Amino acid sequence: DDRKPDTMERLLRRFRIRSQLARECVAEFLGLYIAVVFGSGAAAQVITSEGTHGSYLTIQLGSALGAIFGMLVAQGVSGAHLNPVYSMSLCVLGRHPWTKLPLYSLSQLIGAFLGAGTVYLQYYDAIQAFTGGQLLVAGPNATAGIFSSYPAEHLSFWGGLVDQVRISLFLLCCMALEDKRNGPLPDGLQPIVVGVLILTMGVSMGSNCGFPLNPARDLGPRLFTFIAGWGPEVFKAGGGWWWVPLVAPFVGGLLGTLTYELLIEAHHPNTSNEEQSPLRQKTKQNSSRITQII
């Protein structure tokens, strides 16, 4: 028994990643992987059971709770961005290095891709039984929506574009939660509040196209379904819809971030010369961060 702690300690030292950036990327990968497994897993359960094992609400709960646990896993190492839009917003504000943005985004993309693969393997038999072996993007037996967002039949192209820009509300609220001078929350409570925010958006704004909000969360699983058998239709459906949840959230995220900075944070009472320009404030690289997934 006396040797066990020493053995484990040596094992941990041997496998410890020396590069701080690499550790952060692994945390981003694992955090979004967990979020996708829970979120898409909830959708797979509802769709393949034809609503007998859950409902629209349980899908939203799965997405929100998955995001919470993903953030709890990653926040101590990388700050748990889990979303390229959130990472970009911090870069714009000078709170995150631009040089890290591509690697964070790639890590998040890989995590989402493998998360979708895990859900597919878990529900492979259920998907095959539900579809009769035919993997479809549209129609009553469509299953591609388990993994990525697709527009509802009533949604126009421009309506979908506007719908996705509404991530501005999500980023605006995230900036409010991160603002230490605006009723700061205890660090351990932030992931829970973000999960509640995701749930709120899901139950109020999810019927048009499923509120993807996260380009990595949408593109990673879409690439997986393209490879796994759904084919090129995942990029053709909805009149080439796929690029909308990839591009529009960046526009909305920037809009929401700047809206909060200019209308709220810029007007806090100054307590020192360093606080005269909130847009130029720097925060520690690994301070607690919050974000959205799905």
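In this structure, residue 102 qualifies as of a type outside the set (A, V, I, L, M), more than 23 Å from residue 52 (Cβ to Cβ) and in a helix (DSSP H, G or I). Filtered by the rule that a residue be assigned to a helix (DSSP H, G or I) and either surrounded by fewer than 23 Cβ atoms within 10 Å (Cβ to Cβ) or out of contact with any Pro (no Cβ under 8 Å at 6 or more places or on another chain) (or both), segment 50-67 gives 56, 57, 58, 59, 60, 61, 62, 63, 64, 65, 66. In the set (1) under 19 Å from residue 222 (Cβ atoms); (2) part of a loop (DSSP other than H, G, I, E, B); (3) polar (S, T, N, Q), the condition left unmet by residue 164 is number (2). Any idea which residue in segment 144-168 is surrounded by the fewest Cβ atoms within 10 Å (Cβ to Cβ), counting only those that are small (Gly, Ala, Ser) and under 18 Å from residue 214 (Cβ atoms)? Only one residue fits best here, namely 145.
Only residues that are assigned to a helix (DSSP H, G or I), small (Gly, Ala, Ser) and modelled with pLDDT of 85 or more were counted across segment 173-209, and they come to 4. When each of 35, 80 is tested for being in contact with a helix residue (DSSP H, G or I) (Cβ under 8 Å, 6 or more places away or on another chain), crowded, with 24+ Cβ neighbours inside 10 Å, part of a loop (DSSP other than H, G, I, E, B) and of a type in the set (A, V, I, L, M), the lone residue that passes is 80. For segment 128-139, the condition holds for no residue, the condition being that it is under 18 Å from the mean Cα position of the chain (by Cα) and either at negative phi or surrounded by fewer than 21 Cβ atoms within 10 Å (Cβ to Cβ) (or both). Please tell me if residue 151 is assigned to a loop (DSSP other than H, G, I, E, B) and in contact with a Cys (Cβ under 6 Å, 6 or more places away or on another chain). So residue 151 fits the description; yes. Out of the residues in segment 18-50 that are over 17 Å from residue 195 (Cα atoms) and without any contact (Cβ under 8 Å) to a residue 40 or more places away in the chain, state the one that is farthest from the chain's Cα centre (by Cα). The residue in question is 18. Put simply, of 132, 117 the only residue that is out of contact with any strand residue (DSSP E or B) (no Cβ under 6 Å at 6 or more places or on another chain), without any contact (Cβ under 8 Å) to a residue 24 or more places away in the chain and not charged (D, E, K, R) is 132.
The values are calculated or read from the model by the stated rules, or taken from the named source; none is laboratory data. From a predicted model like this one, the values you see are computed outputs, not experimental measurements. Cβ sites come from the backbone with ideal geometry, for glycine too, and all protein chains shown count toward neighbours.
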